[in-house]
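These notes are about the structure you will find just below.
What follows draws every value from the coordinates through simple rules; no lab data is involved. Owing to the predicted nature of the structure, the values given are computational and were not obtained by experimental measurement. Cβ atoms come from the backbone with ideal geometry, glycine included; neighbour counts cover every protein chain shown.
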């Protein structure tokens, strides 16, 4: 029954064109974390010359990210995750980011 719920849910234009792609970008950055770190490290070391000195790292990062941005299966995976989060919000009234926040260890 849960699978039918996600298939039946209607998504707004902003969800399919903005929110799900945003989720895809965030997840792709997590997947390509080594390339992100290499590019960031290069930029810190190169300073103003980063445009010239970090071309290789930038190209590797872009390639890694684009593989995921253009993958229809990755879009579908993120879409289903978004729908699950939306359904959970509708059920509980608590946004995902608020549920995932850690409670303070000391008061």
* Structure fact -> Packing-ranked peptide list from 91-97, 28-34, highest mean Cβ count within 10 angstrom first, is 28-34, 91-97
* segment 1-85 pair-distance distribution - Cα-Cα, 5 Å bins, rounded % -> 3, 14, 20, 16, 14, 12, 8, 7, 3, 2, 1, 0
* Pull out a ≥ b ≥ c, the square roots of the eigenvalues of the alpha-carbon gyration tensor of segment 50-96, then state rounded if a/c is under 1.5, prolate if not and a/b is larger than b/c, and oblate in the remaining case. => oblate
* Between residue 76 and residue 52, what length in nm is gained on full extension when 0.36 nm per residue of separation is reduced by their alpha carbon distance? -> 5.0 nm
